[in-house]
Amino acid sequence: MSTGQANYGQSTHGLRGDYSRMRADYTVEQDYSAYGPEQHDRWLRLYKRQIELVPGRACDEYLSALHSLPYAKGIPRFDAVNAPLGKATRWRLVAVPGLVPDLVFFEHLANRRFPVTCWIREEHEFSYIVEPDVFHDFFGHVPMLFDPVFADYMQAYGRGGVKAHALGALQWLSRLYWYTVEFGLIRTAQGLRNYGAGILSSPGEVEYAISSPKPRRVLFDLRRIMRSRYRIDTYQETYFVIDAFQQLFDATEPDFTSLYDELRQLPDVAADAALPEDRLVS
Ligand code: PHE
Ligand code: FE
């Protein structure tokens, strides 16, 4: 690409997104003028559909932040979100061309920076996309970063990622991210609610995750999560349920080094496995 304009539409190499003008930490400037009317319109339709679906299905922490965010006019500007986010939890969004290498991602989280993908999905991906795009990141992830406990958990996860990378333990640690940050459920006095970004940005799974009789809903168990494979191409077959965000933070506080050593000896568990020791949510 040499036109001097960011390219949020097509990919010019293997990875989707424009990686030709990024900094060493994979960040770029959001080129706001590169979004056309079609892309803002697609955002608005995604937003309007999903904002109707989250009340009563997302946790309150998520909803109160979501409703304060400047999302109703088109693809948001990073600056407009960073001002309130910085005030709330000292997190900051940085723009990235798409997926970034593991270690780069962890370093950002460890420094309270959340990488948000610039580009928006194509029309044929309107209801399901396997990669993060600007809608998934802003709508799914960003509201939870306003919660102080969850925000601290995300930073701790980033630090844990740097460490797991060095220990060759990413296959286990990444399952924790998947089953909490992306697909986590929380039990509240009002009933089950979603806090996982993968669920909250999905029109179908947002209802399925909390009410379908099909998936297993297992009470949060760190070791069980780390043993469990997952699928990226269907709704989840197993969800893990917490009672409070503090529980996430507390359960992940201990040094994982010996846990990883144990996990090296244990077989993985299938995404739809039923283990006798599972404590199910009734
Ligand atoms: N306590 C973990 C470790 O020592 C780090 C971590 C914290 C990982 C929070 C995930 C979430 O590796
Ligand atoms: Fe995500």
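The C-beta contact set for segment 166-179 (first residue within 16 Å of ligand 2 (Cβ to nearest atom), second residue β-branched (Val, Ile, Thr), distance under 6 angstrom, 6+ apart or interchain) comprises Arg175/Ile225; Leu176/Ile225; Tyr179/Ile225. Could you say whether any residue in segment 132-147 is under 22 Å from Leu259 (Cβ atoms), within 16 Å of ligand 1 (Cβ to nearest atom) and not aromatic (Phe, Trp, Tyr)? No, the conditions are met nowhere in segment 132-147. Out of the residues in segment 163-176 meeting the condition of being open to solvent by less than 10 Å² (accessible area, probe 1.4 Å) and either among the hydroxyl-bearing types (Ser, Thr, Tyr) or part of a helix (DSSP H, G or I) (or both), tell me which one is farthest from Ile232 (Cα to Cα). By that ranking, first place goes to Ala164.
Screening Pro115 with (1) open to solvent by 30 Å² or more (accessible area, probe 1.4 Å); (2) touching a residue at least 24 places away in the same chain (Cβ under 8 Å); (3) in contact with a helix residue (DSSP H, G or I) (Cβ under 6 Å, 6 or more places away or on another chain); (4) away from ligand 1 (no atom under 16 Å from the Cβ) gives one miss only, at (1). Residues that are open to solvent by 10 Å² or more (accessible area, probe 1.4 Å) and either within 13 Å of ligand 2 (Cβ to nearest atom) or charged (D, E, K, R) (or both) within segment 142-162 comprise Asp147, Asp152, Tyr157, Arg159, listed in sequence order. Taken together, the residues in segment 210-221 that are free of Cβ contacts under 8 Å to residues at least 60 places away in the same chain and open to solvent by less than 30 Å² (accessible area, probe 1.4 Å) amount to 3. Please determine whether any residue of segment 199-211 is within 15 Å of the chain's Cα centre (by Cα) and among the small types (Gly, Ala, Ser). Scanning segment 199-211 turns up at least one residue that is within 15 Å of the chain's Cα centre (by Cα) and among the small types (Gly, Ala, Ser). Put simply, of Pro97, Pro115 the only residue that is closer than 30 Å to Gln171 by Cβ and more than 15 Å from the chain's Cα centre (by Cα) is Pro97. Select, from Ala244, Ala274, the only residue that is more than 16 Å from ligand 2 (Cβ to nearest atom), over 18 Å from Leu170 (Cβ atoms), open to solvent by 60 Å² or more (accessible area, probe 1.4 Å) and touching a residue at least 24 places away in the same chain (Cβ under 8 Å). When all the criteria are applied, what remains is Ala274.
Taking segment 122-137 as the range and being buried (at least 21 other Cβ atoms within 10 Å of the Cβ) and in contact with a Leu (Cβ under 8 Å, 6 or more places away or on another chain) as the test, the residues that pass are Pro132, Phe135.
Consider Ser33 carefully, then state whether it is polar (S, T, N, Q), open to solvent by 80 Å² or more (accessible area, probe 1.4 Å) and at pLDDT 95 or above. For Ser33, the condition - polar (S, T, N, Q), open to solvent by 80 Å² or more (accessible area, probe 1.4 Å) and at pLDDT 95 or above - is met.
The set of residues in segment 223-235 that are surrounded by fewer than 17 Cβ atoms within 10 Å (Cβ to Cβ), away from ligand 2 (no atom under 16 Å from the Cβ) and touching a residue at least 24 places away in the same chain (Cβ under 8 Å) comprises Arg223, Arg229. Checking Thr238, Thr180, Thr252 one by one, the residue that is β-branched (Val, Ile, Thr) and open to solvent by 10 Å² or more (accessible area, probe 1.4 Å) is Thr252 and no other.
When the helices (runs of 4 or more DSSP H) confined to segment 179-282 are screened for residues that are within 16 Å of ligand 1 (Cβ to nearest atom), those reaching at least 2 such residues are found at 222-227, 245-251, 257-265. Might you let me know whether segment 99-112 holds any residue that is within 16 Å of ligand 1 (Cβ to nearest atom), modelled with pLDDT of 95 or more, surrounded by fewer than 21 Cβ atoms within 10 Å (Cβ to Cβ) and outside any helix (DSSP H, G or I)? Scanning segment 99-112, I find at least one residue that is within 16 Å of ligand 1 (Cβ to nearest atom), modelled with pLDDT of 95 or more, surrounded by fewer than 21 Cβ atoms within 10 Å (Cβ to Cβ) and outside any helix (DSSP H, G or I), so the answer is yes.
The values are calculated or read from the model by the stated rules, or taken from the named source; none is laboratory data. This one's a predicted model, so the numbers in the text were calculated from it and none came from an experiment. All Cβ positions, even for glycine, are placed from backbone atoms using ideal geometry, and neighbour counts span all protein chains on display. Note: areas computed on protein heavy atoms with side chains; ligands, DNA, RNA excluded. Shrake-Rupley method; radii C 1.70, N 1.55, O 1.52, S 1.80 Å.
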